[in-house]
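Participant: Below you'll find the structure I mean.
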Number of protein chains: 2
Amino acid sequence: MKLQVTQQNLAKALSTVARVANSRNTLPILSNVLLKTENNRLSIAATNLDIGITHFIGSKISKEGAITVPARLMQDFVSSLPDSVLNLELSDNKLHITNDQYQSTINGIVADDFPVMPSIKDGVTWKSPAGDFKKALSQVVFAASSDDSRPVLNGVYFHTSAGQAVVVATDSYRLAEDKLGKSAKPINFLMPATAAQDLLRIINDTDKEVVVTHDDQQVLFQVGDVNLVARLIEGNYPDYRKLIPSKFSTVAKMAKADFLNITKVSALFARESAGSVTIKADKDDKAVSINAIASQLGENTAKAGAKVSGGGEVTLNSRYLIEALNAFSANEIEFCFNGKLEPCVLRSASEPNYIHLIMPLRS
Amino acid sequence: MKLQVTQQNLAKALSTVARVANSRNTLPILSNVLLKTENNRLSIAATNLDIGITHFIGSKISKEGAITVPARLMQDFVSSLPDSVLNLELSDNKLHITNDQYQSTINGIVADDFPVMPSIKDGVTWKSPAGDFKKALSQVVFAASSDDSRPVLNGVYFHTSAGQAVVVATDSYRLAEDKLGKSAKPINFLMPATAAQDLLRIINDTDKEVVVTHDDQQVLFQVGDVNLVARLIEGNYPDYRKLIPSKFSTVAKMAKADFLNITKVSALFARESAGSVTIKADKDDKAVSINAIASQLGENTAKAGAKVSGGGEVTLNSRYLIEALNAFSANEIEFCFNGKLEPCVLRSASEPNYIHLIMPLRS
């Protein structure tokens with residue numbers, strides 16, 4: 001292997017893939033990145049066996065070849081170098097990287113030992129505009145569970161419903177659903193939320209579309225010069241749609257910034273009570289107030305103006321409420337509920353595809 | 001106690017003092033801040049018994065009084081509030097904080113129980129321009145030891161030498177000394193480096209001078225509206241001056257940015273060898289090169305142009321070299337040494353008061 005690449009392109013590719021390489025893995029080669037010449041490009045790849053990311057960059061190739069080198073050292077090293085053309089040359093499993101000022105040798109492991117994710121055969125392929133896809137996925141992914149007791153809840157579920165591509169995540173205490181637009185293809189897969197987080201990091205503002213291909217085992221996302229393959233989660237996703245209320249006895253319409261601010265302040269007083277805050281919507285007062293009581297520290301009531309229909313109160317986990325509010329880009333949101341026991345819903349007229357549901361706490 | 005303060009002033013004062021309050025302390029009141037009316041001002045104070053910080057802010061006082069409240073909650077709460085006038089009122093050791101939108105009650109502990117640092121009697125007082133003082137202290141403080149085996153090395157030593165106020169710190173592997181200007185007063189005290197770090201955080205760009213008063217037990221720094229008192233470290237500071245070489249067989253003059261960059265890159269390859277890098281100054285090559293060998297990972301040589309007199313090589317801890325170079329604000333520095341065993345010195349013609357010494361490693 002002998003080639004030239006720019007420091008900028010190589011540093012960018014390494015920053016995309018290197019985080020997947022894990023030095024704590026039992027298989028030492030998984031802490032390496034694979035560099036490989038492919039059709040006048042250099043591919044830079046890493047995998048942890050659950051997910052694999054490959055970034056292709058332009059390269060002036062004098063001699064084909066492949067090698068794996070320690071991901072962390074390679075990334076730190078290349079990102080520390082000034083913007084310049086780098087010469088990469090392989091001899092005896094040692095990768096020599098040079099420019100005018102720097103001469104480095106990084107010891108590698110032969111590329112043949114690097115595990116390859118199986119390819120997808122007879123998969124379903126569809127496309128989505130990159131911006132819309134990224135926004136929808138980021139609005140739901142944080143609602144997935146990080147507790148391993150129910151593996152299906154660690155996933156983000158993509159499926160078609162009434163001709164629409166839908167993405168949803170829930171940890172059983174809250175649920176977020178968004179729509180990706182019309183789809184004629186039969187979409188149905190459950191990918192790990194951690195892989196979805198990696199995917200979000202890959203999609204840039206300059207990317208135009210995301211091409212998705214899945215079979216029963218794996219899903220492949222193609223975004224610009226980057227491919228991400230993830231192993232799917234097995235199991236049936238819960239029939240969540242029946243949980244979403246269609247009518248509400250109380251609806252409070254208010255500025256998102258106000259609601260977020262009074263929730264954050266009250267949350268400070270809710271540390272002793274596992275984040276529990278009580279939200280009261282008052283039609284006559286034209287306000288929503290949030291109360292938190294910390295028996296040791298004190299108590300807090302914070303109020304913000306709102307247009308209220310109906311009225312009442314409900315007790316929620318303030319962290320869930322803060323995360324839900326942060327997911328909206330709208331300036332104005334609606335907070336809807338039916339008494340103290342049924343799920344609350346956050347929605348916005350300006351983001352009609354997105355719905356966020358939070359289960360109340362018993363107060 | 002009943003008074004009005006602006007959210008901005010109170011938030012600023014809390015951010016200055018609250019970090020000293022420690023919730024892990026065995027004395028619960030030390031995790032609180034003391035609020036106390038004093039001559040038409042509100043004083044906000046915290047202490048960990050080794051250091052005490054007091055910040056005074058303007059206040060419209062209707063009724064005198066004092067209370068202590070949990071520092072972390074109070075700071076997080078006030079900093080979350082919008083910029084507004086806050087009403088503070090005390091009743092039954094409960095502090096009520098209100099404005100139009102927020103009504104909070106924070107449970108306090110009576111102020112009488114709050115420990116007071118003893119005052120300084122018959123101390124020596126001197127002044128220093130705030131900007132110069134901050135720069136000099138920040139150039140030396142990081143060289144102090146964080147290992148508790150020799151308490152005097154955990155300190156920053158202020159003293160007078162040949163009519164100059166001098167500040168110095170060393171961990172016995174490196175030493176940094178800076179001058180604070182002429183002083184007729186007999187300055188001689190050793191303060192904890194941790195307190196010096198707190199002091200650095202307090203000095204703002206808008207502050208004009210630092211007034212220093214010390215006796216045998218304590219030192220008081222007055223900066224703008226803030227007072228910081230620290231307990232001194234007992235013991236004799238080592239006679240460090242004899243360690244500083246006066247002549248060098250090799251001097252390399254080069255751009256600080258270049259030296260820093262090649263050191264950082266080489267340091268990546270020096271992780272296996274506890275940061276050890278070998279620096280070579282070559283007169284004919286008009287360059288300084290740094291070499292690091294990682295037996296497992298590979299090796300690296302990086303080079304930068306320099307004006308060299310003499311020549312040779314020396315092995316250093318790359319972390320010490322990086323921290324020393326970062327301490328200089330000069331664009332051009334001199335790296336001076338006498339063979340492989342004697343201390344190296346970093347200095348700059350544009351910062352003649354500052355000298356930084358690093359002991360070599362045996363290579």
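No value in this document is a laboratory result; all are computed from the given coordinates. Worth saying up front: this structure is predicted, and the values here are computed from it rather than measured. Because the Cβ atoms are built from the backbone with ideal geometry, glycine has one as well, and the counts that use them run over all protein chains shown.
Participant: What are the ³J(HN,Hα) couplings of the range B:176-191, residue after residue, when phi is run through the Karplus curve with 6.51, -1.76, 1.60 and θ = phi - 60°? Round to Hz, x for glycine and proline.
Facilitator: Listing the rounded values in order: 10, 10, 9, 10, 9, x, 5, 8, 8, 7, x, 7, 6, 8, 10, 9 Hz.
Participant: What does the convex hull of the Cα atoms of the range A:245-358 come to per residue, in Å³, rounded to a whole number? Intermediate results must be reported in sequence, preceding the final value.
Facilitator: Working: hull volume 9.9 nm³, N = 114.
Hull volume over Cα atoms, normalised by residue count, gives 86 Å³.
Participant: Oh, and also: How much FRET efficiency would the formula 1/(1 + (r/R0)^6) give for A:Ser149 and B:Ser146, where r is the Cβ-Cβ distance and R0 is 41 Å, rounded to 0.05?
Facilitator: The pair A:Ser149/B:Ser146 has a calculated efficiency of 0.45.
Participant: Placing a label point 7 Å from Cα toward Cβ, how far apart in nm is B:Lys94 from its equivalents in the other copies, listed shortest first to one decimal?
Facilitator: Nearest to farthest, the other copies are at 7.5 nm.
Participant: For the range A:30-101 and the range B:82-99, what is the separation of their Cα centres, given in Å?
Facilitator: For the range A:30-101 versus the range B:82-99, the Cα centre distance is 60 Å.
Participant: With the contact rule set at Cα under 8 Å and sequence spacing of 6 or more, what percent relative contact order holds for chain B?
Facilitator: 12
Participant: Okay, moving on. Could you compute the net charge surrounding B:Lys253? Neighbours are other residues with a C-beta less than 12 Å from the C-beta of B:Lys253; K and R count +1, D and E count -1. Could you put the intermediate results ahead of the total?
Facilitator: Working: positive: B:Lys256, B:Lys283, B:Lys286, B:Lys307, B:Arg347; negative: B:Asp258, B:Glu332, B:Glu334.
After counting each charged neighbour, the total is +2.
Participant: Can you list the copy-to-copy distances for B:Asn188, using a point 7 angstrom from Cα toward Cβ, in nanometres, shortest first?
Facilitator: Counterpart label points of B:Asn188 in the remaining copies fall at 8.7 nm.
Participant: Please report the relative contact order for the range A:202-251, taking Cα pairs under 8 Å with a sequence separation of at least 6, and give it as a percent rounded to a whole number.
Facilitator: That works out to 23 percent.
Participant: Here's something else I'd like to know. Can you pull a Stokes-Einstein diffusion coefficient for the protein assembly as shown at 20 °C (1.002 mPa s), Rh from Kirkwood over Cα pairs, as a whole number of µm²/s?
Facilitator: 70
Participant: Shielding by partners for A:16-26, please: the mean number of other protein chain Cβ atoms within 10 Å of each residue's Cβ.
Facilitator: 0
Participant: Using the basic label-point model (7 angstrom from Cα toward the beta carbon), what is the A:Tyr240 to A:Ile29 distance in nanometres?
Facilitator: According to this spin-label approximation, the distance is 3.8 nm.
Participant: While we're looking at this one, here's another question. Shielding of B:69-78 by partners, i.e. mean partner chain Cβ atoms within 10 Å per residue?
Facilitator: 4
Participant: Further question on the same structure: Assuming a ≥ b ≥ c are the square roots of the Cα gyration tensor eigenvalues, decide whether the range A:236-289 counts as rounded (a/c under 1.5), prolate (otherwise, with a/b larger than b/c) or oblate.
Facilitator: Verdict is oblate for the range A:236-289.
Participant: I'd like to know which of A:Ser23, A:Asn87, A:Asn99 lies farthest towards the positive end of the charge dipole of the range A:1-103, counting +1 on Cβ of Lys and Arg and -1 on Cβ of Asp and Glu.
Facilitator: Value computed over the given set: A:Ser23.
Participant: Please list, in order along the range A:39-53, the HN-Hα scalar couplings obtained from phi with the Karplus expression 6.51 cos²θ - 1.76 cosθ + 1.60 (θ = phi - 60°), rounded to whole Hz, x for Gly and Pro.
Facilitator: Per residue, the Karplus-derived 3J(HN,Hα) values read 6, 6, 10, 9, 9, 10, 9, 9, 8, 10, 6, 8, 9, x, 10 Hz.
Participant: If one computes the Cα centroid of the range B:111-127 and of the range A:150-169, what distance in Å separates the two points?
Facilitator: For the range B:111-127 versus the range A:150-169, the Cα centre distance is 64 Å.
Participant: Please state the shape class of the range A:137-213: rounded when a/c is under 1.5, otherwise prolate if a/b exceeds b/c and oblate if not, all from the C-alpha gyration tensor.
Facilitator: It is oblate, given that a/c is not under 1.5 and a/b is not larger than b/c.
Participant: For the range A:285-293, what does the Karplus curve 6.51 cos²θ - 1.76 cosθ + 1.60, with θ = phi - 60°, yield as ³J(HN,Hα) per residue in whole Hz, taken in order and with x for Gly and Pro?
Facilitator: 6, 6, 8, 10, 10, 10, 10, 10, 10
Participant: Turning to a different aspect of this structure: With only Lys, Arg, Asp and Glu charged, each at its Cβ (+1 for the first two, -1 for the last two), find how big the charge dipole of the protein assembly as shown is about the Cα centre; round to the nearest 20 debye.
Facilitator: Dipole of the protein assembly as shown, to the nearest 20 debye: 580 debye.
Participant: I would also like to ask the following. So how long is each side of the range B:67-151 along the principal axes, counting just the alpha-carbon atoms, biggest first, in Å?
Facilitator: 49, 31, 31
Participant: Between B:Lys340 and B:Asp216, with labels modelled 7 Å along Cα→Cβ, what's the label distance in nm to one decimal, could you check?
Facilitator: About 4.9 nm separates the two model spin labels.
Participant: Another question, if that's okay. Under 1.5 on a/c is rounded, so check that first for chain A, then, if it is not, pick prolate when a/b is larger than b/c and oblate when it is not; a ≥ b ≥ c are the square roots of the alpha carbon gyration tensor eigenvalues.
Facilitator: Cα axes put chain A in the prolate bin.
Participant: Cut-off under 30 Å on the C-alpha distance; same-chain residues fewer than 8 positions from A:Lys340 excluded. Which lysines are left, in chain and number order?
Facilitator: Straight-distance partners of A:Lys340: A:Lys179, A:Lys242, A:Lys247, A:Lys253, A:Lys256, A:Lys264, A:Lys280, A:Lys283, A:Lys286, A:Lys303, A:Lys307.
Participant: Just report the Cα centroid separation between the range B:212-254 and the range B:261-338, whole Å.
Facilitator: Answer, in whole Å: 28.
Participant: Check the axis relating chain A to chain B and name the residue of A whose C-beta is nearest, distance in whole Å.
Facilitator: Its Cβ sits closest to the axis: A:Arg24, 15.
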